[in-house]
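The values are calculated or read from the model by the stated rules, or taken from the named source; none is laboratory data. Since the structure is predicted, the reported quantities are computational estimates derived from the model, not experimental observations. Cβ coordinates were reconstructed from backbone atoms using ideal geometry, including for glycine residues, and neighbour counts include every protein chain displayed.
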Amino acid sequence: MRIIVTGGCGFIGSSFVNYLRKNVECDIVVIDKITYAANPFLIPNDIELIKKDICDITLDDIGYADYIVNFAAESHVDNSISNGLPFVKTNVEGTFNMLEVARKLPNLKKFVQISTDEVYGDMDSRDLISANESTSLKPSSYYSSTKAAADHLVQSAGRTYGLPYLITRTCNNFGENQHSEKFLPTIARSISNDEPIPLYGDGLHKREWIWVEDNVRLVYDLMLSQIGIWNIGSGDSWTNKNIIDQIGIILNKEVNYKYVEDRLGHDRRYTIDISRLEYYKQTFELTSKTLEKFLIEKFGSSK
């Protein structure tokens, strides 16, 4: 079995690659253009690494594959607000190019698109309790819009060309090796250094969190056994302010808040309906590390 992993040097992609290496007999090829958010040292050095933009990948680069798993993406929402063009380039054009390559592979079993719960938009403004796999998409940022566009491209390739696909829409991931610009590392670093914490609005924006190791195990298992769209979540929801306060408690530090104007288009709440996944997981054992447990393990020794 030959698995192509794009974005395999990023936080979630590298976790997936390492899961494969430890648990699956397969050939792994990583494609990553090594942006600021990538780290090739997160994956074993004997894994084949193609340092190339997914917009430029050709059939000759891949040769053949049983699965293509597309983690490659620009993902930092604030960056998409200041300049959306790189998001259109990678998330839309890059996915399109990978699909064009994928449909030329005669023995490809599945194209796996790693998406996000953000494509559903703000549950509060939509008066929805949660979004299931059939909920219409209503993205708010250039990031989530380009991810939604990528999802539609994948579905279109399935409809028009018969390309077998899986789309996973996952909530926020936490775990080791997360890039320093992301929320959890930024908050922990700021509190440790006695720096004021910039808090958007009232800080009550709510997100759902899943341990990255659980996510990638599910992605792999779904890749082998399922098609279509699957929400991947944990039900472990926190407001931003709750997380900041919890890290402050763990570090035994007083939190100095600096309230700032809310982010443009900031969604209030993401909640995905994972009832389909919960039924499926009855026969799939997860470690299910909670965000609170991770924070204690990660930062408790930093007091």
### Query
Can you find even one residue in segment 4-14 that is at pLDDT 95 or above, among the small types (Gly, Ala, Ser) and at positive phi?
yes
### Message
Just to be sure before I move on: is Glu292 within 14 Å of Thr170 (Cβ to Cβ) and surrounded by 14 or more Cβ atoms within 10 Å (Cβ to Cβ) in the structure I sent?
### Response
no
### Query
Out of Ile28, Ile81, which single residue is touching a strand residue (DSSP E or B) at 6+ places or on another chain (Cβ under 8 Å) and among the β-branched types (Val, Ile, Thr)?
Ile28
### Summary
Those strands (runs of 3 or more DSSP E) completely within segment 197-249 that have 2 or more residues that are in contact with a Leu (Cβ under 9 Å, 6 or more places away or on another chain) and buried (at least 18 other Cβ atoms within 10 Å of the Cβ) are 206-211, 228-232
### Task
For Val255, work out the one condition from (1) in a loop (DSSP other than H, G, I, E, B); (2) of a type in the set (A, V, I, L, M, F, W, C); (3) closer than 20 Å to Asp117 by Cα it doesn't fulfil.
(3)
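Looking at segment 131-146 only, could you name the residues that are in a loop (DSSP other than H, G, I, E, B) and either modelled with pLDDT under 95 or in contact with a strand residue (DSSP E or B) (Cβ under 6 Å, 6 or more places away or on another chain) (or both)? Give the steps one after another, and end with the answer.
Of segment 131-146, the ones in a loop (DSSP other than H, G, I, E, B) are 132-141.
Hits for segment 131-146 are Glu133, Ser140, Ser141.
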#### Entry: Cβ-Cβ under 6 Å pairs, at least 6 apart or on other chains, segment 188-202 side within 12 Å of Val255 (Cα to Cα) and of a type outside the set (Ser, Thr, Tyr), far side in a helix (DSSP H, G or I) and at pLDDT below 85
Ala188/Phe299
